[in-house]
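Readers should treat all values here as calculations from the given coordinates under stated rules, not as data from a laboratory. Predicted, not measured: the structure shown is a model, and the values here were computed from it. Cβ placement follows ideal geometry from the backbone for every residue including glycine, while neighbour counts extend to all protein chains displayed.
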Amino acid sequence: MSKYILKKEKVVDALNALGNANAVYIPVKNKRGLVEYKELGRDAAAADAKFDCRPDVPPKAILFPQTQVLFTFKKVDGKIEVVPTEPDDREKIIFGVRPCDAIAIAVMDKVFIGGKFVDTYYKARRERTAVISIACDGPADSTCFCPSTGGSPAATEGSDVLLYDVGDSYYVEVVSDKGRKILESLSASLETPSPEQEKRKDEIVRKAEAAEGFTRSITAESISKLDSSFDSKYWDDVSRRCLSCGACTYYCPTCHCFDINDEPGRKRVRTWDSCQFSNFTMHTSSHNPRTAKAQRLRNRYYHKFKYSKDNTGRYLCVGCGRCIALCPAGLDITKVISEVK
Amino acid sequence: MSEENHYIPHVAEITSITQETTGERAVKTFKVDFKDANVQLKFKPGQTCMVSVFGKGESMFAISQSPTRGSLEFSVQRVGRVTEMLHELEVGDEVGIRGPYGNGFPVEQWKGKNIYFIAGGIGMAPVRAVMNYIVDNKEDYGELYLIYGARTSRDLSFKAEIDALEQGGAIDVRRTIDVEEPGWVPLDNKNPEQSKFDPSSRKFTGFVATTVSAMKCTPENALAVICGPPIMIKTCIASLAKLGWKDEQIYTTLENKMKCGIGKCGRCNIGGVYVCVDGPVFTYAQVKKMLNDQ
Ligand SMILES: Cc1cc2nc3c(=O)[nH]c(=O)nc-3n(C[C@H](O)[C@H](O)[C@H](O)COP(=O)(O)OP(=O)(O)OC[C@H]3O[C@@H](n4cnc5c(N)ncnc54)[C@H](O)[C@@H]3O)c2cc1C
Ligand code: SF4
Ligand code: SF4
Ligand code: FES
């Protein structure tokens, strides 16, 4: 694996250089004070990049936009012609991704590209997207629990390049060919790591492997209790405080439920939806399989930790902790799963 | 494009419309033809399609005709926004079709068996597709029966077609309605087994499940296909169970709200089972194993 050093003082130049040939997305603080990914040169300046925290909003929307026009249609001589939306074919780089969010992209790849049906819109964006991540030096936030879901603060899955913060520089590790090509374009800014920098990087990896500093966790044993707790009264108790607001699903890097509707202007649009909304599963007959809050909340936890695992072999949760940090009712997924009965 | 974009419907023209039933919840059967001659839909009986009314939306429907009959048909009950719009369309109007989706009926596995088709209301749409398929391959299968129920005699769809099948001796047909009408033999819903059942009668008043019990459908070398409202499916399964049927011999179709049809939108799952891709056809043994998520 090739390794380099990128001095922090050169990061702004490097970002701008990448921005010449790519749409580059970086985490910046938005007007509401939340850190989210914005496009360099369009909505953000390289100097505003915030690389010292877990962004409040994951980069999900770059690959899976909140609103996606699937097609428009027109009438030519009274006959309908469907015009599919041109796939977004700009080369993209998401820079400064946390390892959990990079893994989330790998998980989303399974949903949208894996399996029998390929999602054309997601795939078009994904194929043209490179992920440059920054390893976390211990948990980035008190709500983090990535090691419990198979992740790690220094995980490489889903990333093309992984950076380690070794003080005044980033230690740069190439993970994929895509990453190698991007670094080639930056070669003028890259140096060779010193033994001291190697040691700092090794220390970050050691801490990550030992899951040092994490205060939250979910054990495999509590997850296995889901096998027999579906009909438990526990879900009624646990969901009492839930507002069914869907914040947990909107901020989650792996939640991907959507709706499809025709809108004025002769277009069909896909929009994010949430399994926490009461009309999500409502039949035309008004029968609703998940009419109660408890049923909907249970569906989310079961989807994350059981259905997805059973169907695809992996959890639909990467332990980023956002749903804990942003839940207005204070629900904590690690607590909910740990206390299942 | 090399890979199919599953969200893009193919434009199709309505080539004929049959008014199956009238009233508030009328049923119409639409026959459609793709505008682009290169588009061909290879489907199995029991599979479904998303049908679009452009500008209004799309809904999932069972393909209601057998692939052996060379036409693509949907039988639509008017119940809401999209189905109302469909009912206003005329021959020559255009709709969008994407699919086929779902698993379909395992007709290959059924060879050599006696088959009881049991349908209620619009549940006759998928049953018609698989029944016509089996009839068209009759030499591969055993004895065939249809038990078909609706609220009144006017609510029975596909009348001429079913009459013709019956008269041609292809299939033994029993019709049932909920409310008594002259000429329809009453059965006792409370004591189905005690109901007098005259095998020469073809028309009964009583629930579909009552007819199933009264007729004493025999499980030997047989299977049953039940489609209809949930309560009908449940009662018919109970009737069959009393007659000694095993869960594995009973096939049914499930419905859930669907948006994508391709296992992505997260809406149609019953536990970890995605009805749009894993179903809609399941054996009752499979249904029983599902989580209580309905
Ligand atoms: C596997 C399967 C097979 C089926 N087979 C058949 C069949 O063979 N025949 C049959 O008749 N039925 C069948 N159904 C049922 C059929 O899909 C529903 O009856 C149909 O979807 C009802 O659509 P609707 O628009 O008329 O009803 P509605 O419930 O009114 O609406 C359905 C959709 O329209 C949109 N909508 C409704 N109101 C609004 C609004 N105010 N603003 C914006 N959007 C709105 C929504 O997106 C909604 O999802 C099947 C269902 C499934 C799942
Ligand atoms: S969950 Fe792990 S990878 Fe994600 S921000 Fe927290 S420590 Fe970093
Ligand atoms: S469920 Fe919560 S902790 Fe898990 S990935 Fe989603 S937001 Fe992060
Ligand atoms: S209809 Fe979207 S997942 Fe089944």
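Sort the range B:10-101 into rounded, prolate or oblate with this rule: let a ≥ b ≥ c be the square roots of the eigenvalues of the Cα gyration tensor; rounded if a/c is under 1.5, and if a/c is not under 1.5, prolate when a/b is larger than b/c, oblate otherwise.
prolate
Using the Cα atoms as the points, what is the convex hull volume per residue of chain A in Å³?
Dividing the Cα hull volume of chain A by its residues yields 161 Å³.
Just from its helices, what would the mean residue ellipticity at 222 nm be for chain B, if runs of 4 or more DSSP H residues each count -39500 (n - 2.57) and the sum is divided by every residue, rounded to the nearest 500 deg cm²/dmol?
The per-residue figure over chain B is -6000 deg cm²/dmol.
To the nearest 20 debye, what charge dipole does the range A:220-338 have about its Cα centre, counting +1 at the Cβ of each Lys and Arg and -1 at the Cβ of each Asp and Glu?
It works out to roughly 140 debye.
Using the Kirkwood radius over C-alpha pairs as Rh, can you work out the diffusion coefficient of the range A:220-338 via Stokes-Einstein at 4 °C, viscosity 1.567 mPa s, in µm² per second?
Answer, rounded: 84 µm²/s.
Among B:Ile97, B:Ile177, B:Ile162, which one shows the biggest mean-square fluctuation in a GNM of chain B, springs joining Cα atoms closer than 10 Å?
Its mean-square fluctuation being the largest, the pick is B:Ile162.
Starting at the first residue of the range A:275-280, write each ³J(HN,Hα) from the Karplus equation 6.51 cos²θ - 1.76 cosθ + 1.60 with θ = phi - 60°, in whole Hz, x for Gly and Pro.
5, 8, 7, 5, 8, 3
Please list, ordered by chain and number, the residues whose modelled amide H lies under 5 Å from the amide H of B:Ile63; skip anything fewer than 5 residues away on the same chain.
It is B:Gly46, B:Gln47, B:Thr48, B:Cys49, by chain and number.
Just A:Ala45, A:Ala154, A:Ala188 to compare: in a GNM of chain A, with alpha carbon springs under 10 Å, which one fluctuates most?
Of A:Ala45, A:Ala154, A:Ala188, the most mobile in the Gaussian network model is A:Ala188.
If you take every residue apart from B:Glu4 with its C-beta less than 14 Å away from the C-beta of B:Glu4, what net charge results, scoring Lys and Arg +1 and Asp and Glu -1?
Taking every other residue near B:Glu4 into account, the sum is +1.
Which residue, B:Thr29, B:Thr68, B:Phe54, has the largest displacement toward the positive end of the dipole of the range B:10-101 when charges sit on each Cβ (Lys, Arg +1; Asp, Glu -1)?
B:Thr68
Using a Förster distance of 30 Å, how high is the FRET efficiency between B:Glu24 and B:Arg69, based on the Cβ-Cβ distance and rounded to 0.05?
0.50
Can you order the peptides A:114-125, B:187-198, B:42-53 by their average number of other Cβ atoms within 10 Å per residue, highest first?
Top to bottom by mean Cβ count within 10 Å: B:42-53, A:114-125, B:187-198.
Pull up the cross-link candidates among the lysines for B:Lys42, meaning alpha carbon to alpha carbon under 20 Å and not fewer than 8 places away within one chain.
In chain and number order, the partners are A:Lys116, B:Lys31.
For A:Val83, which sequence-distant residues (separation of 5 or more, or a different chain) have an amide H within less than 5 Å of its own amide H, given hydrogens modelled in the peptide plane?
A:Thr72, A:Phe73, A:Lys74
Any lysines with Cα under 18 Å of the A:Lys92 Cα? List them, leaving off those in the same chain fewer than 8 positions away.
Straight-distance partners of A:Lys92: A:Lys38, A:Lys60, A:Lys123, A:Lys178, A:Lys181.
Going by Cα centres, the range B:112-186 and the range B:22-70 are how many Å apart?
When both Cα centres are located, 21 Å separates them.
Return the whole-Å distance between the Cα centroid of the range A:253-313 and the Cα centroid of the range A:234-250.
Spelled out, the Cα-based centre of one part sits 14 Å from the other.
Running a GNM on chain A with Cα contacts under 10 Å, which residue among A:Thr254, A:Thr284, A:Thr85 ends up with the highest mean-square fluctuation?
A:Thr284
Per residue of the range A:116-131, what does 6.51 cos²θ - 1.76 cosθ + 1.60 with θ = phi - 60° give for ³J(HN,Hα)? Whole Hz please, x for Gly and Pro, Karplus curve as stated.
Per-residue couplings from phi come out as 6, 10, 9, 8, 4, 6, 5, 4, 4, 6, 4, 4, 9, 10, 10, 10 Hz.
If we count every other residue with Cβ under 13 angstrom of A:Ser189's Cβ, Lys/Arg +1 and Asp/Glu -1, where does the sum land?
Summing Lys/Arg as +1 and Asp/Glu as -1 gives -1.
List the lysines whose Cα sits under 21 Å from the Cα of B:Lys246, skipping any in the same chain fewer than 8 residues away.
Partners within reach: B:Lys111, B:Lys113, B:Lys216, B:Lys234, B:Lys288, B:Lys289.
I need the P(r) histogram for chain B: all alpha carbon pairs, bin width 10 Å from 0 out to the longest distance, whole percents.
Calculated P(r), rounded to whole percents: 6, 28, 36, 23, 7, 1, 0.
Give the residue from B:Leu243, B:Val11, B:Met85 lying farthest towards the positive end of the charge dipole for chain B; charges sit on Cβ (+1 for Lys and Arg, -1 for Asp and Glu) and the dipole is referred to the Cα centre.
Toward the positive end, the furthest listed residue is B:Leu243.
Tally Lys/Arg at +1 and Asp/Glu at -1 over every other residue whose Cβ is under 12 Å from the Cβ of A:Lys306; what's the total?
Value of the local net charge: +3.
Over the protein assembly as shown, what per residue volume does the convex hull of the Cα atoms give, in whole Å³?
Cα convex hull per residue, to the nearest whole number: 173 Å³.
Using every pair of alpha-carbon atoms in the range A:44-135, split the distances into 5 Å bins beginning at 0 and state the percent of pairs per bin, rounded to integers.
With 5 Å bins starting at 0, P(r) equals 3, 11, 19, 20, 16, 11, 8, 5, 3, 2, 1, 0.
In the range A:38-106, which GluC sites (Glu not before Pro) fall in coil by DSSP and have 15 or fewer other Cβ atoms within 10 Å?
A:Glu91
Read phi for every residue in the range B:183-197 and hand back ³J(HN,Hα) as whole Hz from Karplus 6.51 cos²θ - 1.76 cosθ + 1.60, θ = phi - 60°, with x for Gly and Pro.
x, 9, 6, x, 10, 9, 4, 6, 10, x, 5, 7, 4, 6, 10
In units of 2.2 N^0.38 Å, what is the alpha-carbon radius of gyration of the range B:20-166?
1.06
Kindly work out what percent of the DSSP beta bridges joining two residues of the range A:12-124 are antiparallel, to the nearest 5.
DSSP beta bridges in the range A:12-124 are roughly 75 percent antiparallel.
Amide H to amide H, which residues 5 or more places from A:Gly96 or on other chains are under 5 Å from it, using H placed in the peptide plane?
Excluding prolines and chain starts, which carry no amide H, the hits are A:Ile132, A:Ser133, A:Ile134.
For the range B:107-252, max minus min Cα coordinate along each principal axis, in Å, sorted largest first?
39, 33, 28
Assign unit charges at the C-beta atoms only (+1 for Lys and Arg, -1 for Asp and Glu), then state the dipole size of the protein assembly as shown relative to its Cα centre in Debye, rounded to the nearest 20.
The dipole of the protein assembly as shown has a size of about 1100 debye.
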